[in-house]
C-alpha cells in the first residue's frame, strides 16, 4: 500500500519548466560570435539541462525507494520457522511422529497377523469341503445298516482335525479384530503422516523431498486404497482380497525400508532442536 501511494506521488517531468533556458543561436544572434564562443554557449546550455535533470531525480528518490523496498526484503521473513510457533517447534512435538509411527509399525504387523488368521478361517472350510469329496461311501450290510469302521480313514481324520481347528479360529473373532485394527491404522496412520509433514514445516519452514517423505506418502496411499477394497471383499470378490493382501504386504516393505531414514531424522531433531 505504501509503495502504491508513493507511486502516485512520483513526480513527472513538468509540462512547463521552472525557468526558461535560452538557447543561443549563432546564426540569428545580432552580434556576430566567434566559433569558440558559440561552442562554449552550447556547452553551458547542456550543463544547465543536466543540472535540472539531476534535481528532478533527487525529488523522486524517496518514492522510488518505497516502490522498490518490497523487492529487497529478506526472503527468510516468509518462512514458517523462527520461534513464532513456540513449543510446536520444540523437540517434544518433533518426537511425537517417530514414537507414534513406531507403534503403528508394530500394530501393522499385528493387523497382518489378524488378517491372516481370518483368511485361514475362510480357506480351511474350503479344504474341508475338498477332503469330503475324497471320503469313500460307508459300507452297509445287506439289510442296509451302515458298517462302522473302528478306525477312521486318514482323510476322515484330517477332516476332523481341520474342523476342530476352524472352531478354535472362529472363537478368536479374527474378522472383527482385523477390521478394527485396519480402521485404527487408517485413522491414526493418515493423521500422523500429515502431522509429520506439518511438524517438519513448523520446525524448518519447508519440507525435504527424499526417500522418507516419498515412502511415507506411498504408505498413506496404500492404507487408503486397501481400505477402499473392503466393500468388494465383503461381497466375496477374490480379486479385491488379493489386491488388499498385496498392498498391505507392500506397505510393510515400505515401512521397513523407511526405518533407517526415520532414525537419521530423529538424530537431526536432537541436534537442531531443544526441549520442550
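The values are calculated or read from the model by the stated rules, or taken from the named source; none is laboratory data. Predicted, not measured: the structure shown is a model, and the values here were computed from it. Every residue, glycine among them, receives a Cβ derived from its backbone with ideal geometry; neighbour counts consider all protein chains shown.
Are any of the residues in the range 130-140 touching a helix residue (DSSP H, G or I) at 6+ places or on another chain (Cβ under 6 Å) and modelled with pLDDT of 85 or more?
yes
Only one residue in 202, 254 is out of contact with any strand residue (DSSP E or B) (no Cβ under 8 Å at 6 or more places or on another chain), at pLDDT 90 or above and surrounded by 14 or more Cβ atoms within 10 Å (Cβ to Cβ), so which one is that?
None of the other options fit; the residue is 254.
Mind checking which residues of the range 233-249 are in a helix (DSSP H, G or I) and either exposed (fewer than 10 other Cβ atoms within 10 Å of the Cβ) or out of contact with any helix residue (DSSP H, G or I) (no Cβ under 7 Å at 6 or more places or on another chain) (or both)?
Result: 234, 238, 239, 242, 243, 245, 246, 249.
Taking residue 143 as the residue in question, decide whether it is out of contact with any strand residue (DSSP E or B) (no Cβ under 6 Å at 6 or more places or on another chain), at pLDDT 65 or above, within 30 Å of residue 274 (Cβ to Cβ) and not in a helix (DSSP H, G or I).
It is false that residue 143 is out of contact with any strand residue (DSSP E or B) (no Cβ under 6 Å at 6 or more places or on another chain), at pLDDT 65 or above, within 30 Å of residue 274 (Cβ to Cβ) and not in a helix (DSSP H, G or I).
Scan (1) under 15 Å from residue 111 (Cα atoms); (2) more than 23 Å from the chain's Cα centre (by Cα); (3) in contact (Cβ under 8 Å) with a residue 24 or more places away in the chain for the single condition residue 166 breaks and write down its number.
(1)
Checking residue 267 against (1) surrounded by fewer than 15 Cβ atoms within 10 Å (Cβ to Cβ); (2) in contact with a helix residue (DSSP H, G or I) (Cβ under 9 Å, 6 or more places away or on another chain), which test does it fail?
Just one mismatch for residue 267, condition (2).
Among the residues of the range 228-244, is any over 25 Å from residue 91 (Cβ atoms) and within 19 Å of the chain's Cα centre (by Cα)?
The answer is no, given that none of the residues of the range 228-244 is over 25 Å from residue 91 (Cβ atoms) and within 19 Å of the chain's Cα centre (by Cα).
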